[in-house]
Each structure stands twice: as C-alpha cells, then as structure tokens.
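Structure, as structure tokens:
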Amino acid sequence: MTSSKPFLRALAGDTVRPAPVWMMRQAGRYLPEYRELRIQAANFVDFCFTPSMAIEATLQPLRRYAMNAAILFSDILVIPHGLGQDVAFREGEGPVLDAITDAAGIEALQPGAVNERLAPVFETVRGVKAALDEKTALIGFAGAPFTVALYMIEGRGGTEGTKIRRWAAEAPDEFGRLIDILSEATTAYLIEQIENGAEALQLFDSWAGLLPESMFRRWVIAPNRRIVEAVKAAHPNIPIIGFPRNAGVLYRDFAVETGVDGVSIDATVPLEWAAETLQPICTVQGNLDNHVLLSGGETLEAEVGRILDAFGNGRFVFNLGHGVLPPTPPEHVGRVVDLIRARA
Ligand code: CP3
C-alpha cells in the first residue's frame, strides 16, 4: 500500500509534485520561539531528555511552515551519553565529551544500557507522532558510527579529526571495535524509534568527507550498510536516508552499496551529475546551500529554481546541503517553501 504522505511517496520512488520539503535543523536557534523554550532548560542535554520540551521543539517549525516531515528533536550525541560517556554542551562552544583515548576506554562503554537510558527520546517520538496530521511524516535519526566516533575521540567538534584519523590508520582493529559497538547500539536505537512511531530514518555521517577512499569504504559505507541491513531485517518498509556529507563521487558507491532508499547530498554536489548518477539508484534529497538560505534575495530564488529544474522530474525531496544556520531570517525558510509549492 502506498502512503498518502508525499515525503514517503518520494522515498518509495514516486515523482511527487510539488516536491516534498523539510530542512535539516528546521528546529533550532534561528526561531525565536525555540530560543524562548531553550532557556527554560538548564542545559541542552536536559532539553533533549525532557519529552514535553523536545516535542514542542519538534513541532515549532511545522506551525510556521508547511513542511512535509517533522524530524525528531534530539541530537546524534545522545548515543555516547547512552553508552555512558560524559557529554555536555557549552554555550557558544558546542559539544564537549570526556574523550576516549585508548582501548580500555572503548571497552568501558556500556552498550546494553543505551535504549534504557534513551527512554525519554522514545517518549518524544510517541508524543510527536500523536500530534502530526495525516500528510506529515515523522523522521527518526541517529549519527552514523564514524561521525559519532569522531566526537567521542576528539572530545569536541571543530577539529580536523586528527585523533580519530590517526587511530583508524594506526590501529584499525582496535578502532573497529568502537565502530562495531556504535553500529550495534545505533541499530537497536533506530529500531526502537520505529517501534515508537518513526516512519523514516536519516543517518547523519557529517564527517564522512574527511576520509580517503579506502577508509571511506571501511568506516562509512560498511557500517552504514550494516545498520541499514539490520534495521530493514526488522522493519523492511521503513525508508532510510543516508547523509555521507562531502563524499563527492563516492556518493554513488555509498548509494549502491548501503541499500539506502535516499541520499541527502551536500551543497557542493553538482546537480546534473547527481540527477544522472544518483537519481536512478535512489531518491535524492538536497541540496540548497545553507549560506544562500541565510542570505536570501535573488540568489536564493535562482538556486531554488536550479535545484527544482535539476531534480523535479524524478524521485526527489527538497532539503538543504547542511543544517539551517542560527542567524537565518525565518522568512527565508518560508520563502523557499512558497517557491517550491508555486512550481506544482
Ligand atoms: O531540527 C533538526 O534537524 C533536529 C534536531 C537535530 C539537532 N542536532 C539539534 C541540535 C539534529 C538532527 C542534529 C544532528 C547533529 N548533531 C549532527 C548531524 C548534522 C550536522 O549538523 O552535521 C551533528 C554533527 C550534531 C552534533 C552537534 N549538536 C553539534 C556540533 C552541536 C553544536 C553546534 C550548534 O549548532 O550549536 C550540537 C547542538 C545542537 N543540536 C543544537 C541543536 C538545535 C543547538 C544547541 C542549542 O540550542 O543550544
């Protein structure tokens, strides 16, 4: 049975007009109502683990814009938290973790505790699902193993991944233990999101583009594939979108080999190449530049037009190449949704 939700139809392979749209980080600091809600929590981790707040944050962008999907409000770093690693978010600095530096640190993780520790997230999924109308889909998500491991090993964002890249190169079997632990914990976590109401999933591999080809195959394609296979073994009809950001021409092998239903492409991917190479394999999602969204004006209109021209005649979901930036004027987001709908 085909869904009546445009976003799910596009992931099933239909050409949907007007194109379905949602945006990465559609909930977040660019919205004044988000900032107001956010200051009511002591910190970002508490915010993510308080279902009433996370439900409200998920729904805020849907009250302003006719998005075709809601994305669960949470963070990819709830998995290290669930594994027992200390995770904090410092204002203006981003995430700070008690970095893992050796094999003993990997073995001290507690994979068996993850779904129990993340129970508030599943409560949020149920609450959001109950609030959505029959046209809007609910996307669950997790970070892919390499990207989550990067924060666990570097201890923070904003690095070039020097520590993780050295560890993966110098002791691949040891590093592989961490990737295995993350692959299993992430699979169980995503299955639980589905069983609480998620209708599609996205795997964020934001730092995939740091790796050379051979390591991309081992630390990005293989674990994403393993998770996709295991989740689909339990729930074959839930579509999965992969996002190996900055993968360049390796997006093709990623799409073929992981078995994802869709790939989310970053803003550097040439439109014609993606339409010719990726769209025959799976649904393409993307790829408006988030700085163009921030700037607005004629450039924004032209870029939205180019993306719709390139992908609008095939299986496609409109999105950004990366998340909405905090200084983005909210009306620019509304303008994009209007432009897409006007092209029906
Ligand atoms: O609207 C949505 O997209 C859903 C919620 C969501 C958040 N983070 C909320 C968030 C999602 C899907 C994520 C994914 C995420 N988190 C990724 C993958 C996507 C990407 O951006 O590459 C990554 C790498 C993270 C890790 C993370 N979380 C960082 C590096 C930061 C700090 C940078 C920043 O923007 O502050 C966060 C914090 C975070 N996650 C915020 C939000 C709304 C801001 C925190 C705040 O409100 O104080």
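The values are calculated or read from the model by the stated rules, or taken from the named source; none is laboratory data. Fair warning: this is a prediction, and the values are worked out from it, not measured in the lab. Using ideal geometry, Cβ is built from the backbone for each residue, glycine included, and neighbour counts are taken over all protein chains shown. In case anyone asks, the SASA skips ligands and DNA or RNA and just uses the protein heavy atoms, side chains included. Shrake-Rupley method; radii C 1.70, N 1.55, O 1.52, S 1.80 Å.
Numbers at a glance
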quantity: Mean residue ellipticity (222 nm) of the chain, computed from DSSP H runs ≥ 4 via -39,500 (n - 2.57), nearest 500; calculated: -14000 deg cm²/dmol
quantity: Max mean-square fluctuation residue, GNM over the chain, Cα-Cα springs under 10 Å, options Leu201, Leu308, Leu320; calculated: Leu308
quantity: Accessible area (Å², 1.4 Å probe, nearest 10) - Leu118; calculated: 0
quantity: Other-chain or far-sequence residues with amide H under 5 Å of Asn319's (modelled H); calculated: Gly286, Asn287, Leu288
quantity: Vicinal HN-Hα couplings computed from phi for segment 216-227 (Karplus, 6.51 cos²θ - 1.76 cosθ + 1.60; Hz; Gly/Pro x); calculated: 4, 5, 7, 9, 10, 4, 4, x, 4, 5, 4, 5
quantity: Tail beyond 36 Å, pair distance distribution of segment 6-341 (Cα, percent); calculated: 13
quantity: Dipole of segment 70-115, positive direction: furthest Cα of Pro80, Val114, Gly92, with charges on the beta-carbon; calculated: Val114
quantity: Fraction of antiparallel bridges per DSSP, segment 6-341 only, in percent to nearest 5; calculated: 15
quantity: Per residue accessible area of the chain, 1.4 Å probe, in Å²; calculated: 40
quantity: Most mobile listed residue (Ser206, Ser214, Ser295) in the chain, GNM with C-alpha springs under 10 Å; calculated: Ser214
quantity: Rounded accessible area of Lys232 (nearest 10 Å², 1.4 Å probe); calculated: 50
quantity: Candidate aspartates and glutamates - alpha carbon under 16 Å from Lys163, same-chain residues fewer than 8 apart omitted; calculated: Asp98, Asp102, Glu154, Asp173, Glu174
quantity: Segment 6-341 - percent of accessible surface contributed by carbon and sulfur, probe 1.4 Å; calculated: 49
quantity: Residues with amide H under 5 Å from that of Phe89, placed H, sequence gap 5 or more; calculated: Phe44, Val45, Val96
quantity: Positive dipole terminus of the chain, leading residue within Met67, Pro212, Met53 (C-beta point charges); calculated: Met67
quantity: Residue (of Pro244, Gly296, Gly321) at the positive-pole extreme of segment 227-327, dipole from beta-carbon charges; calculated: Pro244
quantity: Net charge dipole size for segment 210-339 [Lys, Arg +1 and Asp, Glu -1 on Cβ; Debye, nearest 20]; calculated: 640
quantity: Candidate lysines - alpha carbon under 30 Å from Lys232, same-chain residues fewer than 8 apart omitted; calculated: Lys5, Lys129, Lys135
quantity: Only Lys, Arg (+1) and Asp, Glu (-1) charged, at Cβ; the chain dipole about Cα centre in debye; calculated: 660
quantity: Amide proton proximity set for Gln202, modelled H, under 5 Å, gap of 5+; calculated: Gly140, Phe141, Ala142, Ile241
quantity: Derived scalar couplings ³J(HN,Hα) [segment 47-59; Karplus, 6.51 cos²θ - 1.76 cosθ + 1.60; whole Hz; x for Gly, Pro]; calculated: 4, 5, 9, 10, x, 4, 6, 5, 5, 4, 4, 4, 7
